[in-house]
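Structure record follows, encoded as structure tokens.
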Amino acid sequence: MSFSQDVKQELSKISNLANKDLVKIEFVGYCKTNNVYLSDNMLRFSTENEYNINRFAKLLNNIENHNYQIEMQGKNYVVTTKNKNIMKLANDKDLKIDGEMEEKAYIRGCFLGSGSINNPENKYHIEVIFKQRQDAQNVINMLQRYSINFKILEKENSTSIYSKDGEEISKFLAFIGANNAVLKFEEIRVYRDMRNNVNRIVNCETANLSKTVTAALKQIDAINVIKASGKFNALSESLKEIAELRIKYPEASLTELGEKTNPKIGRSGVNHRLKAIMKLAEE
């Protein structure tokens, strides 16, 4: 089962079905999304998740409608009803949603209706698809009241709200009640971020080492040119010393070379001497 399916399974088990107002609001949330088909005489919801279809059926039952059918169509579970009261509720544009509990129920219904979330081991991405842009914008506004920031994306026949930010996704999951999913998501997020940090450090160190080696090879070439020209013995003792150290320790950084001189000198002093050698080699 995918991470997205796990989240929906958890949400489908939330036990708030005794509260009729929350049941109606969650149901309407489902109906605003792309996976619920509404016409003048029929409502149909389709999903691959068995727990999700059962959740939707329980909502119908709690709204006092037992007149629906559930069937399999390919890999999808499909629930269909022609109940006029259900149709009226699904199309109710004046339904009031007040307070945190009702907003949670509504947004949870939206996510269960047509939400998806990627496995955080691969990438951070969550999305909910709506039939109407205004419904998507309403959810964006609700989430912002709780400092949860999603973006909106217009498509050809629908509008999506989405986030690719790990922290925002975690806050969203917690808000709609997917607490177990939050724990799993955060565990993966911490490991993934730590791994990425380690990789960045390794890549940085590798790049720095590559630069050190390249510079050292050029310096050694310059020293060999001076030796071949017979000018090496004419160098000052300080230049001879740094030249011999560079040949002996080709992998050493400038700071490390400075630690080996007598007396010790700083990185800038080593750099100055090696530049003088490079310049002499070019003459």
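The values are calculated or read from the model by the stated rules, or taken from the named source; none is laboratory data. What you see is a predicted model, and the numbers here were worked out from it, not measured in a lab. No Cβ is skipped: glycine too gets one built from the backbone with ideal geometry, and neighbour counts run over all protein chains shown.
Just to be sure, is K227 without any contact (Cβ under 8 Å) to a residue 24 or more places away in the chain and either assigned to a helix (DSSP H, G or I) or surrounded by 13 or more Cβ atoms within 10 Å (Cβ to Cβ) (or both)? Quick ask: steps written out before the conclusion?
On the way: without any contact (Cβ under 8 Å) to a residue 24 or more places away in the chain: yes; either assigned to a helix (DSSP H, G or I) or surrounded by 13 or more Cβ atoms within 10 Å (Cβ to Cβ) (or both): yes.
Yes, satisfied.
Among the residues of the range 19-54 satisfying the criterion of being modelled with pLDDT of 90 or more, aromatic (F, W, Y) and touching a strand residue (DSSP E or B) at 6+ places or on another chain (Cβ under 6 Å), which is farthest from K75 (Cα to Cα)?
Y30
Going residue by residue through the range 189-209, is there one that turns out to be over 30 Å from N149 (Cβ atoms) and aromatic (F, W, Y)?
Taking every residue of the range 189-209 in turn, none turns out to be over 30 Å from N149 (Cβ atoms) and aromatic (F, W, Y).
Which condition number does F111 fail, the rest of (1) over 28 Å from N76 (Cα atoms); (2) at pLDDT 95 or above being met?
Of (1) over 28 Å from N76 (Cα atoms); (2) at pLDDT 95 or above, only one is false for F111: (1).
Looking at N149 and the list (1) touching an Asp or Glu at 6+ places or on another chain (Cβ under 9 Å); (2) of a type in the set (S, T, N, Q); (3) modelled with pLDDT under 95, which single condition is not satisfied?
For N149, the exception is condition (3).
When you scan the range 232-283 for helices (runs of 4 or more DSSP H) that lie fully inside it, which ones turn up with 1 or more residues that are within 15 Å of L217 (Cα to Cα), among the polar types (S, T, N, Q) and within 52 Å of the chain's Cα centre (by Cα)?
Answer list for the range 232-283: 267-282.
Residue by residue, here is whether (1) in a strand (DSSP E or B); (2) within 27 Å of F185 (Cβ to Cβ) holds:
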position: M1; (1), (2): no, yes
position: S4; (1), (2): no, yes
position: I14; (1), (2): no, yes
position: L17; (1), (2): no, yes
position: L22; (1), (2): no, yes
position: I25; (1), (2): no, yes
position: Y37; (1), (2): yes, no
position: D40; (1), (2): no, no
position: F45; (1), (2): yes, yes
